[in-house]
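Participant: Pasting a structure below so you can have a look.
The values are calculated or read from the model by the stated rules, or taken from the named source; none is laboratory data. For clarity, every value in this text was computed on a predicted model and none was experimentally measured. Cβ atoms come from the backbone with ideal geometry, glycine included; neighbour counts cover every protein chain shown.
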Amino acid sequence: MNRPGAKGVHTATTTAPQAKAQPMLALTDAQLEIVMVPAGGLPAKKRSVFLERVAARPQLRGPHFTDADLRAAIQAAVTVQSAV
């Protein structure tokens, strides 16, 4: 589970230009790796938009989301990113 302050849990706040800051998203080490692998393959200019899209979807489920939820968010972000 994602518990702020737990060992191996990473938190980040995402902000888009001229947008309200989103709440922090806590990721385990494994979840961070799940996100960073596809993000690392993107051009630097597109990474922040990709990460914001990934972060937005699990937050709809509340503070408790699974690796499967995260993978679905990544797949959705990759699909939108490739269409742009």
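Participant: Are there any pairs, at least 6 apart or on different chains, whose C-beta atoms fall under 6 Å, with the first in segment 24-37 and assigned to a strand (DSSP E or B) and the second surrounded by 20 or more Cβ atoms within 10 Å (Cβ to Cβ) and aliphatic (A, V, I, L, M), and if so, which?
Facilitator: That search, which allows pairs on different chains as well, returns 25/55.
Participant: Looking at (1) β-branched (Val, Ile, Thr); (2) modelled with pLDDT of 90 or more; (3) surrounded by fewer than 16 Cβ atoms within 10 Å (Cβ to Cβ), find the lone condition where residue 15 falls short.
Facilitator: Result: residue 15 passes all but (2).
Participant: Could you list, in sequence order, all residues of segment 74-84 that are modelled with pLDDT of 85 or more and farther than 15 Å from residue 47 by Cβ? Don't jump to the end; show me each part of the working.
Facilitator: Step one: list which residues in segment 74-84 are modelled with pLDDT of 85 or more, which gives 74-79.
Within segment 74-84, 75, 76, 79 qualify.
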